[in-house]
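Heads up, the thing below is written out as structure tokens.
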Amino acid sequence: NAGVTQTPKFRVLKTGQSMTLLCAQDMNHEYMYWYRQDPGMGLRLIHYSVGEGTTAKGEVPDGYNVSRLKKQNFLLGLESAAPSQTSVYFCASSGAGVWGDTQYFGPGTRLTVL
Amino acid sequence: GESVGLHLPTLSVQEGDNSIINCAYSNSASDYFIWYKQESGKGPQFIIDIRSNMDKRQGQRVTVLLNKTVKHLSLQIAATQPGDSAVYFCAENPKDNFNKFYFGSGTKLNVKP
């Protein structure tokens, strides 16, 4: 049971390049999330998904797209990277509890946009 | 939006002492709270949670206290060890934003040997 995994761990992009971050979970969780973490700030929600085939915007969705084609995978895409997207990205997953449910996080992807 | 903050950005304690990390939240509708530990270069790790129908919950060496009157959350770590050195986040889950969490910026705990 690997929990939540993310690939790649590190990436450097030039402004305008595109890339996709992959998140996978083996806990059969319904909900999945993408966050970004910047120095001195709390985690901010980019997009989330409440089930296969569904996605929704979070707090800071601009410049990102997501897809949830399979229950176990949640992809985060940057179509045209900008330096402001330099950050550490975390994926998380949780069950569909009625009253909130614990979110489990992946190890993160450190992205630098030059 | 919701505000989740921490009173002390950095806390230094001696090994073996008890640590207390505080968190204030602003949304009185929040009814589920989690404490996470994040070590350098790693993702947040679940420590303990508490729901609004409780005032206190204990785990192994950790206790979370919830004071709904003043909207305050605390994490107590007993007999702090060097391995406890990390950044600790609190997160709140408002009842009207099911499974959306709002995170504080974190407190860094330094344990001195």
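The values are calculated or read from the model by the stated rules, or taken from the named source; none is laboratory data. Just so we're clear, the structure is a prediction, and the values are computed from it rather than from any experiment. FYI the Cβ positions are ideal-geometry reconstructions off the backbone, even for glycines, and counts take in every protein chain you see. For accessibility, only protein heavy atoms count, side chains too; no ligands or nucleic acids. Shrake-Rupley method; radii C 1.70, N 1.55, O 1.52, S 1.80 Å.
How much net charge surrounds A:PRO107 when only the other residues with a Cβ under 12 Å from the Cβ of A:PRO107 are counted, with Lys and Arg +1 and Asp and Glu -1? Before the final figure, lay out the partial values.
On the way: positive: A:LYS9, A:ARG110, B:LYS42; negative: B:GLU39.
Result for the neighbourhood of A:PRO107: +2.
Need one word for the protein assembly as shown: rounded, prolate or oblate. Basis is the Cα gyration tensor (sqrt eigenvalues a ≥ b ≥ c); a/c below 1.5 gives rounded, then a/b vs b/c decides.
The shape class here is prolate.
Return the value, in Å² to the nearest 100, of accessible area buried between chains A and B (probe 1.4 Å, both sides summed).
1800
Between region B:8-72 and region A:1-69, what is the separation of their alpha carbon centroids in Å?
The two parts, judged by their Cα centres, are 25 Å apart.
Excluding ligands and nucleic acids, what accessible area in Å² is computed for B:LYS108 using a 1.4 Å probe, to the nearest 10?
100
Using only the heavy atoms of the protein chains and a 1.4 Å probe, how would A:THR54, B:THR80 rank by accessible area, largest first? Please list the in-between numbers first.
Details: A:THR54 55, B:THR80 0 Å².
In descending accessible area the options line up as A:THR54, B:THR80.
What order do A:LEU78, B:LEU11 take when sorted by accessible area (1.4 Å probe), most exposed first? Before the final figure, lay out the partial values.
On the way: A:LEU78 5, B:LEU11 30 Å².
Descending accessible area places them as B:LEU11, A:LEU78.
Which Cys residues of the protein assembly as shown have no other Cys beta carbon under 4.7 Å away?
Within the protein assembly as shown, no cysteine lacks a partner Cβ under 4.7 Å, so the list is empty.
Work out which residues of region B:65-113 lose at minimum 50 square angstrom of accessible surface when the other protein chains are put back, relative to the chain isolated, with a 1.4 angstrom probe, and list them by number.
Residues losing area: B:PHE98, B:ASN99, B:LYS100, B:PHE103.
Starting from the Cα gyration tensor of chain A, take the square roots of the eigenvalues, sort them a ≥ b ≥ c, and report rounded, prolate or oblate (rounded when a/c is under 1.5, otherwise prolate if a/b is larger than b/c, else oblate).
Judged from the Cα gyration tensor, chain A comes out prolate (a/c at least 1.5, a/b above b/c).
Give me the accessible area of B:ARG51, 1.4 Å probe, in Å² rounded to the nearest 10.
Its heavy atoms expose roughly 60 Å² to the probe.
Chymotrypsin sites (Phe, Trp or Tyr not before Pro), restricted to region B:1-80: which are DSSP loop and have at most 15 other Cβ atoms within 10 Å?
none
Using a Förster distance of 25 angstrom, determine the FRET efficiency expected from the C-beta separation of A:MET41 and B:GLN14, and round it to 0.05.
Plugging the Cβ-Cβ distance into 1/(1 + (r/R0)^6) gives 0.25.
Over the heavy atoms of B:CYS90, what accessible area does a 1.4 Å probe trace out, to the nearest 10 Å²?
Counting only protein heavy atoms, B:CYS90 exposes about 0 Å² to solvent.
With r defined as the distance between the Cβ atoms of B:SER40 and B:GLN81 and R0 fixed at 22 Å, what FRET efficiency is calculated, to the nearest 0.05? The partial results should precede the final answer.
On the way: r = 16 Å, r/R0 = 0.74.
Calculated transfer efficiency: 0.85.
Rounded to the nearest 0.05, what FRET efficiency do A:VAL12 and B:ARG57 give with R0 = 45 Å and r taken as the Cβ-Cβ distance? Could you check?
Step by step, r from the Cβ atoms, then E = 0.60.
Ignoring ligands, DNA and RNA, what accessible area per residue does region B:19-59 give at 1.4 Å, in Å²?
Here the per-residue accessible area is 45 Å².
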